[in-house]
């Protein structure tokens with residue numbers, strides 16, 4: 001086998017390994033009073049397992065807040081994060097999707113920012129709920 005053929009096969013293998021198993025068509029995050037609504041859709045899904053929804057208060061350290069199993073190619077997804085009211089007093093949150101394949105490999109979507117507005121009543125209710133946990 002020539003060096004050129006070997007190099008071609010090596011590059012071809014790298015290109016195939018880099019193909020994503022899911023292709024996001026759209027990903028949006030928007031505020032709904034005191035919680036965040038995430039909606040996204042996919043084009044092709046191949047050997048794809050699930051989305052892990054991650055949230056951050058600083059866009060650097062992310063924590064899992066839920067997961068949604070794969071439905072198949074050309075699907076619509078939605079997730080409501082109703083827990084921001086219970087997290088500190090921050091009103092600005094960052095979200096991303098961790099896209100996990102069946103073999104355990106994963107990659108991340110782009111990061112989206114959302115600003116929530118809490119009324120005084122909602123803020124007080126969140127404090128009261130926290131006392132009874």
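Take region 74-101 and flag every residue that is at pLDDT 95 or above and not in a strand (DSSP E or B).
Of everything in region 74-101, those that are at pLDDT 95 or above and not in a strand (DSSP E or B) turn out to be 74, 75.
Can you tell me how many residues within region 22-56 are in contact with a helix residue (DSSP H, G or I) (Cβ under 9 Å, 6 or more places away or on another chain), surrounded by fewer than 17 Cβ atoms within 10 Å (Cβ to Cβ) and not in a strand (DSSP E or B)?
So the count comes out to 1.
From (1) surrounded by 10 or more Cβ atoms within 10 Å (Cβ to Cβ); (2) at pLDDT 95 or above, pick out the condition that doesn't hold for residue 110.
Single failed check for residue 110: (1).
The values are calculated or read from the model by the stated rules, or taken from the named source; none is laboratory data. Since this is a predicted model, take the numbers as computed values, not measurements. Because the Cβ atoms are built from the backbone with ideal geometry, glycine has one as well, and the counts that use them run over all protein chains shown.
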